[in-house]
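Where a number appears in this text, it was derived from the coordinates with a stated rule and is not lab data. Here the structure is a predicted model, which means the values were calculated and not measured. Don't worry about glycine lacking a Cβ; one is built from the backbone with ideal geometry, like all the others, and counts go over all protein chains shown.
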Amino acid sequence: MTKLLIGSPLLEIDHIFVCIKSVPDTALLRHLGLVCSDYSLSHPQQGTASNLIFFENSYIELIWVEDEDMSEIYAMRSGIDFLARSNWENSSTSPFGIALHQKGDGINSDRLGRVVGDHRLNSERLSNHNNTDSFINFAASNLVNQIEPLCFVIPELVSFQNLFDPSMETHQRLTNHPLGIKKLTNIRVAIEKSSNFSDPLSMLEESGMIEIERDSYPALELTFDYASNHSLDLQAIGIPIILKY
């Protein structure tokens, strides 16, 4: 099994986003054994909103389009078409994004946002982390090639390691999944077409940060705690993710 976060001496996986068609059923996700953030985050400049599923070393961001007009404007301005990516079943696009951050020594508690009892992290910082002004895309070829996952680096201020404090009780509750999963240890991305990968995506594969399954129906297989005895397939509820644990 490929070890997560081994490869680049400067970068590591921060989180993953997945574009979906509509608001996720958080009650159903909890019933299946996953803890979701209680409140959705709004990204008005993108015309999107999202829910977060936290783990001890990363998180999944489920993104859907709330305002199609704003999303189209954002796509023309930034090149990131959330509307097309959320319609991945019909548009031959990848619904995934892979965010990385610079490796650090740990949590900077002075920069943590205020955390309240409803499990909400600093929503202003989190809601801004996908804006084009606050992340660095690796290459134009990756930005425009919607068949492959979007790859980008986010600033330290909004990185997972700077927003999440495992010593806080409210944060611990967010990662206390009934399934018992704790740490994301492997990422396998299925991509519909295998030709003309951009250099950034190839770099992530070659460095061992992700595995790529070529010429396959778009899906994301996430392994937790280096185990694969059990699986939870979320594809039936419109989320192209399979969890191995």
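Among E213, E169, the ranking by other beta carbons within 10 Å of each residue's beta carbon, starting with the fewest, stands as E169, E213. Take the Cα of Q172, go 7 Å toward its beta carbon, and the backbone nitrogen atoms of the range 19-46 under 18 Å from that spot belong to 35. Counting beta carbons within 10 Å around each of S40, S94 and listing the fewest first gives the order S40, S94.
To make sure I understand, if each residue's beta carbon is the centre and we count other beta carbons within 10 Å, what order do D67, D25, D215 fall in, fewest to most?
With the sparsest Cβ surroundings first, the list reads D215, D25, D67.
Setting aside same-chain residues fewer than 8 positions from K244, which lysines have a Cα under 17 Å from its Cα? Of all the lysines, those that pass the test against K244 - Cα under 17 Å, at least 8 places apart if same chain - are K3, K182, K183. Residues of the range 165-193 falling in the label zone of H31, defined by backbone nitrogen less than 20 Å from a point 7 Å along Cα to beta-carbon, are 177-180. At an R0 of 41 angstrom, the distance between the Cβ atoms of A140 and K183 translates into a FRET efficiency of 0.75. Need one word for the range 22-93: rounded, prolate or oblate. Basis is the Cα gyration tensor (sqrt eigenvalues a ≥ b ≥ c); a/c below 1.5 gives rounded, then a/b vs b/c decides. Prolate is the answer for the range 22-93, as a/c is 1.5 or above and a/b outweighs b/c.
Give the shape of the range 155-204 as rounded, prolate or oblate, defined through the alpha-carbon gyration tensor: a ≥ b ≥ c are the square roots of its eigenvalues, a/c under 1.5 means rounded, and otherwise the shape is prolate if a/b is larger than b/c and oblate if not. Display every interim value, and only then the final one.
On the way: a/c = 4.36, a/b = 1.84, b/c = 2.37.
Oblate is the answer for the range 155-204, as a/c is 1.5 or above yet b/c matches or exceeds a/b.
Of the chymotrypsin sites (Phe, Trp or Tyr not before Pro) found in the range 1-103, those in coil by DSSP whose Cβ has at most 15 other Cβ atoms within 10 Å are Y39.
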